[in-house]
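The structure appears below as structure tokens.
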Amino acid sequence: MVILLPFLLLLPLPLLLLLLLYFIVRPRPVRIPIKNRHVFITGGSSGIGLALAHRAASQGARVSLLARSLKKLEEAKESIRLSSGSDVSIFSADVRDYDVVEKAIRDAGPIDVLVVNQGVFVPRELEKQGLDEVKFMLDVNLMGSFNVIKAALPLMKQRIDRLPASIALISSQAGQVGIYGYTAYSASKFGLRGLAEALQQEVIADDIHVSVVFPPDTDTPGFEKETEVRPELTNILAGSSSSMTADNVAKKALDGIQSGSFIVPCNFDGHMLAIATAGLSPQRSFWMAFIEVSFAGVLRLVALFFQWNWYRCIEHWHAKKKDT
Ligand SMILES: NC(=O)C1=CN([C@@H]2O[C@H](COP(=O)(O)OP(=O)(O)OC[C@H]3O[C@@H](n4cnc5c(N)ncnc54)[C@H](OP(=O)(O)O)[C@@H]3O)[C@@H](O)[C@H]2O)C=CC1
Ligand SMILES: CCCCCCCCCCCCCCCC(=O)[C@@H](N)CO
């Protein structure tokens with residue numbers, strides 16, 4: 001009994017912490033319905049975006065897709081019509097062209113859930129990568145996201161139903177930690193997080209809720225092309241997080257969006273990354289906040305072990321290269 005006493009005295013501490021977090025987490029928890037609402041997905045003609053479109057349509061949303069290739073858009077429209085019977089609107093536009101994007105969004109009508117998913121990835125060491133490729137990734141992934149959000153925001157604010165709305169950005173685990181071969185890509189995806197954190201403060205008064213999704217390697221047409229050129233070290237380091245199917249990522253993303261989660265991890269490694277890189281991001285769930293506060297220290301240690309292992313791989317790889 002005497003031995004148990006210190007533990008009994010400590011027990012109220014976590015409970016007090018939970019109670020404190022319950023009162024202070026901001027923004028407050030929210031539910032964002034998608035049935036009968038307008039879900040607009042950029043890059044919705046392939047991979048993760050297409051899987052999201054299928055899910056949203058099957059849950060009764062009115063879906064619009066924007067991408068460059070009209071042919072791929074028409075194929076996507078047809079496949080969604082066959083699987084869920086719903087009629088999807090399609091818009092051919094390059095996110096780098098503000099005027100075209102603005103017109104497409106005006107034609108599509110007020111958006112309730114905006115999913116900014118378009119993305120390009122050309123993995124290569126910076127020394128071997130042309131600045132044209134760097135600019136390409138920053139323009140499509142980051143500046144393109146600004147174009148889409150800037151064009152959609154005024155109409156989102158005027159939505160008629162006044163229910164909570166969402167802006168979701170598809171980042172990457174390479175937007176939480178820099179990975180060899182991804183200097184430009186990581187920069188573009190880290191950028192989305194800064195954009196999202198600031199934007200959430202600006203749109204909260206309009207009941208618009210921002211989510212950032214961080215998928216690991218995901219089996220998509222884009223990823224298939226990427227693996228043909230990806231440096232060996234990028235493969236090894238990215239392999240630290242287990243890969244997923246586009247459909248599984250879409251499921252996690254849509255659940256995260258509907259619960260208004262700011263950070264949306266997709267797999268187990270993603271949850272660890274989210275806690276290790278929680279920083280000053282908003283957290284609506286007092287329970288998740290409790291886990292972040294309790295495990296921050298030990299996950300920093302785990303992160304240092306990952307870095308130790310990654311730098312060992314890099315060292316071995318250079319040694320092997322010198323030998324041959
Ligand atoms: N697959 C993966 O391993 C991972 C992907 N991600 C991210 O998820 C998102 C989707 O990736 P994924 O599904 O693999 O990609 P895909 O290459 O399969 O699909 C990309 C989509 O974006 C569209 N797109 C590309 N460039 C533009 C542009 N300039 N303007 C408008 N639309 C464009 C494409 O259509 P079109 O070419 O016709 O324009 C297509 O619809 C990206 O942001 C990516 O960075 C994150 C983590 C892992
Ligand atoms: C604290 C402990 C953390 C443990 C987990 C660390 C795992 C990090 C792995 C990073 C993987 C990056 C994949 C990028 C995928 C992508 O975006 C490209 N396929 C392009 O589409």
Whether the chain is rounded, prolate or oblate, judged on the alpha carbon gyration tensor where a/c under 1.5 counts as rounded: oblate
MRE, 222 nm, helices only [DSSP H, n ≥ 4, -39500 (n - 2.57), over the chain, to nearest 500]: -17500 deg cm²/dmol
Stretch in the chain that is longest and holds no trypsin sites (Lys or Arg not before Pro) that DSSP places in a loop and that have at most 14 other beta carbons within 10 Å: 163-324
As computed over the range 29-82, the Cα convex hull volume per residue (Å³): 75
Estimated inter-spin distance, Ile160 and Lys103, nm [label 7 Å along Cα→Cβ]: 2.6
Neighbour net charge for His271 - beta-carbon separation under 14 angstrom, K R +1, D E -1: -2
Cα-centred dipole magnitude for the range 171-246, charges only on beta-carbon of K, R (+1) and D, E (-1), debye, nearest 20: 220
Separation in nanometres of the label points that stand 7 Å from Cα toward Cβ, at Glu315 and Ser69: 4.4
Prolate/oblate/rounded call for the range 176-324, Cα gyration tensor, a/c under 1.5 rounded: prolate
Which of Ser64, Leu21, Leu82, positive extreme of dipole for the chain (C-beta unit charges): Leu21
Interatomic Cα distance distribution for the range 1-56, bins of 5 angstrom, percent: 4, 14, 11, 10, 9, 8, 9, 9, 8, 6, 6, 5, 2, 0
Electrostatic dipole magnitude of the range 28-87 [Cβ: Lys, Arg +1; Asp, Glu -1; Cα centre; debye, to 20]: 320
Pairs beyond 32 Å (Cα-Cα), from Lys72/Lys320; Lys225/Lys251; Lys71/Lys135; Lys128/Lys157; Lys35/Lys225; Lys225/Lys320: Lys72/Lys320; Lys128/Lys157; Lys35/Lys225
Helical segments meeting 24 Å axial Cα length and Kyte-Doolittle -1.0 threshold in the chain (DSSP H): 183-203, 286-323
Between the range 1-79 and the range 263-310, the Cα center-to-center distance that results, in Å: 17
Volume of the Cα convex hull of the range 85-224, divided per residue and given in Å³: 128
Max mean-square fluctuation residue, GNM over the chain, Cα-Cα springs under 10 Å, options Val100, Val293, Val116: Val293
Neighbourhood charge, 9 Å Cβ-Cβ cut-off, centred on Ser241 and excluding it, Lys, Arg +1 and Asp, Glu -1: -2
Only Lys, Arg (+1) and Asp, Glu (-1) charged, at Cβ; the chain dipole about Cα centre in debye: 560
For the range 115-225, with +1 on Lys and Arg beta carbons and -1 on Asp and Glu, the positive-most of Ile179, Val210, Val122 along the dipole: Val210
Whichever aspartates and glutamates have a C-alpha closer than 12 Å to that of Lys103, once near sequence neighbours (fewer than 8 apart) are set aside: Asp94
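Taken together, the values in this text are just the output of simple stated rules run on the coordinates, not laboratory data. A quick note: this is a predicted structure, and the numbers were derived from the prediction, not measured. Because the Cβ atoms are built from the backbone with ideal geometry, glycine has one as well, and the counts that use them run over all protein chains shown.
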